[in-house]
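A short worksheet on the structure shown next.
Every number here is computed from the coordinates shown, using simple stated rules; none is lab data. Here the structure is a predicted model, which is why all the values come from computation and not from measurement. As a convention, Cβ positions derive from the backbone with ideal geometry for all residues, glycine included, and neighbour counts pool all protein chains shown.
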Amino acid sequence: MAQRSGSADLPLHGGRVPKWLGDRMTRLGAVMCEAIIHHYGRDELLRRLANPFWFQSFGAVMGMDWHSSGITTSVVGALKRGLSPLSGELGIHVCGGRGAHSRKTPHELTLIGERVGLDGAGLANASRLVAKVDSAAVQDGFDLYLHGFIVTDDGNWVVVQQGMNGDSKVARRYHWQSEGLKSFVDQPHAAIEGANQGEIVNLTDHRADASRQGQLDLLRDLGPDRIVRELATLERGAPPPPEQPLLPYLVMPAHHDIRESDVVMRRLHGNIAAAADRGPEDFAELLLVPGVGARTVRALALVAEVLHGAPCRFSDPGRFSLAHGGKDRHPFPVPLKVYDETIGVLKSAVQKARLGRVEEIAALRRLDDQSRQVERYATGPCLKEIIAGELDQSHLLGGRSVFGWEPAPETPPVIPNKP
């Protein structure tokens, strides 16, 4: 049983993730997934991956371009690299990817089925059907080029796939989850979402049941050649299709810079205040990695929200880029020292939690709880001031982007006083 759980429209960007960031995304993504499984189980991780808002926030907190199509490719790739060595322990497997990797998905699923005792052929068929529905049954002008299939040892799965529209330079991401569907072709989607790109043919809508049956009858009775001739005579006078109901969707803006309109500032001020208030109290549990300081605790407050926040908390994915910046220098260069310290703290917390020592991982959860408690009254600087402060200290925190290492800001020349 499967259900399309949503979609997202994203500016279409090219380029590659540099190795220095890709390796860190792999480590951070894997340890965050471990923490979610520890607290909530594998099925909850699948539910989050099926949520387009959470998925975008997850990619943003890992230092990817906060609004672009590249988040999809990079997150799926990072999870495949990071979780594959842990698949036996965690019972979760990531298949597929971009381009040629997407076409290998059915074979990968068949092998996983043989290894862990699942119906690999059934999973491979589900992979093909999901791709067909979003490329043929729903004709919205987007050509699929990425297909990621994440499955657990229990046979539950989620699909994240993405298509592009070259004319509008927009990518559309589709999320599916193996819950709540009785048919792949009769209204499998929880929503058909995205900015208006023109007419959409949606043969999966329940109202199209008669149309689907009629097409089969026509094909049997008339054959393809006569159908084409009949269509030519009817096309000019065809009545307009019924309007689809308006549904919520995630549409990321085209601008690269993060603006206050992209961020719920009370939440951001809550994250910052919680790091200042809760951090010192929990230093004994949180700050066990040498060199970890207050800036890392601020990043951890945002990471903790991705781990523990409710779905409504992710309406502003751009806010989570303020944890570790972005590779394109928006909102600021990736602070590698902070990034590495975040990974170190999370890895230590997860490893100790496996042994029953939950002090550190519980401290992260308290950090998230504190954010929600204080955001009702917390105040702070505007977003431009926050970003300016990050840029000023970027060179001290190992700031790096696709443009290189961040240099120290130039100091204005000293003009001597005239006698």
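Straight Cα distances below 26 angstrom link Lys384 to the lysines Lys327, Lys337, with same-chain residues fewer than 8 positions distant left out. The listed peptides 326-339, 162-175, 57-70, ordered by packing as a protection proxy, come out as 57-70, 326-339, 162-175 (highest mean of other Cβ atoms within 10 Å first). Stretching the chain fully between Asp167 and Glu385 yields a gain of 74.8 nm (0.36 nm per residue, less the alpha carbon separation). Taking Lys and Arg as +1 and Asp and Glu as -1, the other residues whose beta-carbon sits under 13 Å from that of Met164 total -1. Dividing the Cα radius of gyration of the range 299-419 by its Kirkwood radius returns 1.10 for Rg/Rh.
A full extension of the chain between Ser84 and Lys19 corresponds to an added length of 21.6 nm, given 0.36 nm per residue minus the alpha carbon distance. The protection proxy used here, the mean number of other Cβ atoms lying within 10 Å of each residue, ranks peptides 29-41, 355-367 as follows, highest first: 29-41, 355-367. Listed peptides 296-305, 381-390, 94-103 appear in the order 296-305, 94-103, 381-390 once ranked by packing, highest mean of other Cβ atoms within 10 Å at the front. Counting Lys and Arg as +1 and Asp and Glu as -1 over every other residue whose Cβ lies under 11 Å from the Cβ of Val306, the net charge comes to +1.
Note on Lys132: lysines with a C-alpha under 26 Å away, same-chain residues under 8 apart excluded, are Lys80, Lys104, Lys169, Lys182. Available extension along the chain between Gln373 and Asp257 is 38.9 nm, counting 0.36 nm per residue and deducting the alpha carbon span. Using R0 = 56 Å, the C-beta based FRET efficiency linking Ala121 and Trp405 works out to 0.65.
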